[in-house]
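Novice: Encoded as structure tokens, here's the structure I'll be asking about.
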Amino acid sequence: MSSELNILALYGLYTALILILKVTGATGQLGMGYLMSARDEARTLTGITARLDRALSNSITAMALFAPSILILALKDGFSGATLTAAQAFLIARVLYVPSYGLGITGIRTLLWLIGFAATVILYIIALMAA
């Protein structure tokens, strides 16, 4: 398995960890009874748990964009030093993005989001140029 595919797998596990952290916080705020219900009554998360919820949603969107670029490159046998660097930049930026979001560090959070997004765009451009 290529390093880029391993990075994709690591990001999937990291996203699962974010989900576990969010559910743990939600259980404390909303209670297990509510979480196991149909949730017809809307309740709002607050604080770091609310920020983790938003970071999770953003992370799932990032995965939906990142994964196809890696899979396309795998199908085209298009991995290179540039794709590895872009995938590594994506992973590092996304791993740092979530705690910066959770802690409310907005300027850094936005920069990290931009790095991860730019890395994903670069991967698509390389995929388009691959034979």
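The values are calculated or read from the model by the stated rules, or taken from the named source; none is laboratory data. Predicted model only: the values in this text are computed from it and were never measured. A quick note on method: Cβ atoms are made from the backbone with ideal geometry, for glycine too, and the neighbour counts reach across all protein chains shown. Surface accessibility is based on the protein's heavy atoms, side chains included, excluding ligands, DNA and RNA. Shrake-Rupley method; radii C 1.70, N 1.55, O 1.52, S 1.80 Å.
Novice: Whole number please: convex hull volume per residue of the Cα set in region 54-108, in Å³?
Specialist: 67
Novice: Roughly how many Å² of Phe117 are accessible to a 1.4 Å probe, to the nearest 10?
Specialist: Result for Phe117: roughly 90 Å² accessible.
Novice: Further question on the same structure: Rounding to the nearest 20 debye, state how big the charge dipole of the chain is about its Cα centre with +1 on each Lys and Arg Cβ and -1 on each Asp and Glu Cβ.
Specialist: Dipole magnitude for the chain comes out near 240 debye.
Novice: Once the dipole of the chain is set up with Lys and Arg at +1 and Asp and Glu at -1 on Cβ about the Cα centre, which of Leu65, Ile105, Gly78 lies farthest towards its positive end?
Specialist: So the residue furthest toward the plus end is Ile105.
Novice: Right, here's the next one. With every protein chain left in place, what is the accessible area per residue of the chain in square angstrom, probe 1.4 Å?
Specialist: Working: 7310 Å² over 131 residues.
With all protein chains present, the chain gives 56 Å² per residue.
Novice: May I pose another question? From the phi angles alone, apply the Karplus equation (6.51, -1.76, 1.60; θ = phi - 60°) to region 66-71 and give each ³J(HN,Hα) in whole Hz, x where the residue is Gly or Pro.
Specialist: Karplus-based 3J(HN,Hα) across region 66-71 equals 6, 4, x, 4, 5, 5 Hz.
Novice: Anyone know which of Ala42, Ala89, Ala16 comes out most mobile in the 10 Å Cα GNM of the chain?
Specialist: Result: Ala42 has the largest fluctuation of those listed.
Novice: Expressed as a whole percentage, what fraction of the accessible surface of the chain belongs to carbon and sulfur atoms when a 1.4 Å probe is rolled over the protein heavy atoms? Let's see the in-between values first.
Specialist: Values: 5180 of 7310 Å².
With neighbouring chains kept in place, the figure for the chain is 71 percent.
Novice: Using a Gaussian network model on the chain with a 10 Å cutoff between Cα atoms, which of Tyr101, Tyr34, Tyr14 fluctuates the most?
Specialist: Tyr34
Novice: Then there's this: From the alpha carbon gyration tensor of the chain, can you work out the equivalent ellipsoid semi-axes (sqrt of 5 times each eigenvalue) and give them in Å, largest to smallest? Walk me through the intermediate numbers first.
Specialist: Values: eigenvalues 212, 49, 24 Å².
Equivalent ellipsoid of the chain: 33, 16, 11 Å, largest first.
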